[in-house]
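Below is one structure, written out as structure tokens; the observations come after it.
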Amino acid sequence: MHCTESKTVTARKAHQCTSCGEGIAAGESYEMWISFDDSVVTIKMHPECRTAHQDKADATGDGGAWEYSHHGHERGLSEEK
């Protein structure tokens, strides 16, 4: 799987966080990037959700790579619900 660099975006309309499934309201900031392999997927996450996943990957020595379950995490936590 390949991913673009993430960027911080201000929502123009409501979205749903790919990690926790909670809403991202218009006017809120979120992290966005595109992953592609067999399909193309746009990932949108609360900054605290992305940080939690990255912190866990950094702590486990995964070289910065991480995976997550779609809507499978509490907001701001990298552990499964």
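For this structure, a couple of remarks:
- Remark: the chain carries a charge dipole of roughly 420 debye about the Cα centre, counting +1 on each Lys and Arg Cβ and -1 on each Asp and Glu Cβ.
- Helical content of the chain, expressed as a calculated mean residue ellipticity at 222 nm, amounts to -5500 deg cm²/dmol (DSSP H runs of 4 or more residues, -39,500 (n - 2.57) each, divided by residue number, nearest 500).
- In degrees, nearest ten, helix 47-60 long axis to first principal axis of the chain (Cα): 0 degrees
- Efficiency of FRET from Cβ geometry, His71 and Arg12, R₀ 25 Å, rounded to 0.05: 0.70
- Put in order of Cβ neighbour count within 10 Å, fewest first, the listed residues Tyr68, Tyr30 become Tyr68, Tyr30.
- Over the range 27-69, relative contact order from alpha-carbon pairs under 8 Å, at least 6 apart, %: 27 percent
- Kirkwood Rh in Å, taken over the range 2-57 so that all alpha-carbon pairs contribute: 11.6 Å
- Relative contact order computed over the chain (Cα-Cα under 8 Å; 6+ residues apart), in percent: 29 percent
- For Glu48, net neighbour charge (Lys/Arg +1, Asp/Glu -1) across residues whose Cβ lies under 12 Å away: -3
Read the figures in this text as sums done on the coordinates, not as results from a lab. Fair warning: this is a prediction, and the values are worked out from it, not measured in the lab. A quick note on method: Cβ atoms are made from the backbone with ideal geometry, for glycine too, and the neighbour counts reach across all protein chains shown.
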